[in-house]
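What follows is a short report on a single structure.
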Amino acid sequence: MTPENPPFHPKPPVSALAIVGLVLTLLCFTWPIGLVVSIVALVRISDSEGRLGGKTLAIISLCLCGLLVLSSSMAAITIPNFIRFQARSKQGECKANLKALYAAQKALMQKSHGYADKLGPLDFSPERGNRYTYVIAPSGTLRVRDSDSGQTAASPDAVGVTVDTFKYVKARSFLWRDLPQTFAGGVHLGIAGTCPDHCSVTMACLGNIDNDPELDLWSISTEDRTAPDGERIPAGVPYNEVNDVLK
């Protein structure tokens, strides 16, 4: 006996919406439209009672949309945090050099019973590639770093060192008006009082570390100070006057 042939069931046509939804999702920048189209396709396929195919394509499209949403959310969180981390690491340059200036001033006080208002006696010259401008007095000439010769570093009467514009060509030039009149604790830039017994010196650095108009500003002083929020700032500890990372 010859077995009967099983009945032939033609394969249902694939939903055009499912195909369109998958294509739009794969194009990435049109995935929101692909998400909507794929949802509509999935509903129509389910309502067709087997007359339409392409359910797998619609599900794949929805899964891809979910991955894109998750990736976008993670990027929105991770990228700004990474930028802030980079900026904070750049702030380390300023803090380290301010501490070096403080140590040099304290050593000079021990040796000559006074602080310096020029860089010459301090022998201070930060490594090339500095992102910050350093100043120890409210006015005067600065060592300009706009070439690779290094000759501008030998200016003992300078009161500061500019950003290395030879390396950072787009760095904004320093202007004296970028500095505030007073710093945390009401101190002024430079030497105050009468040395050796009743004097102090305040120094600062400022720079643009994230390419926005705001400048990152730090100060350090040889006297204890009080921050605007009431926090005590010990002598020799850098204080962040304007935090460019948070702006």
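The values are calculated or read from the model by the stated rules, or taken from the named source; none is laboratory data. The model shown is predicted, which means the values in this text are computed figures rather than measured ones. As a convention, Cβ positions derive from the backbone with ideal geometry for all residues, glycine included, and neighbour counts pool all protein chains shown.
General remarks:
- The residues on offer are A192, A204, and the sole one that is of a type in the set (A, V, I, L, M), in a strand (DSSP E or B), without any contact (Cβ under 8 Å) to a residue 40 or more places away in the chain and under 21 Å from G140 (Cα atoms) is A192.
- Qualifying position, being over 17 Å from L206 (Cα atoms) and under 27 Å from the mean Cα position of the chain (by Cα), among D148, D117: D148
- Residue list for segment 190-224, restricted to those being within 28 Å of A171 (Cα to Cα), modelled with pLDDT of 95 or more and either outside the structural domain of S139 (by TED's automatic domain parsing) or not aliphatic (A, V, I, L, M) (or both): G190, T202, C205, W218, S219, S221
- Matching option when the condition is closer than 21 Å to T222 by Cβ and of a type outside the set (S, T, N, Q), among L119, L142: L119
- Test: R177 is within 16 Å of N97 (Cβ to Cβ) and of a type in the set (K, R): no
- Any hit, segment 195-203, residues being in contact with a Lys or Arg (Cβ under 7 Å, 6 or more places away or on another chain) and closer than 22 Å to Q105 by Cα: no
- Taken together, the residues in segment 115-145 that are at positive phi and crowded, with 16+ Cβ neighbours inside 10 Å amount to 1.
- Test: residue in segment 168-186 that is part of a loop (DSSP other than H, G, I, E, B), among the small types (G, A, S) and farther than 19 Å from P121 by Cα: yes
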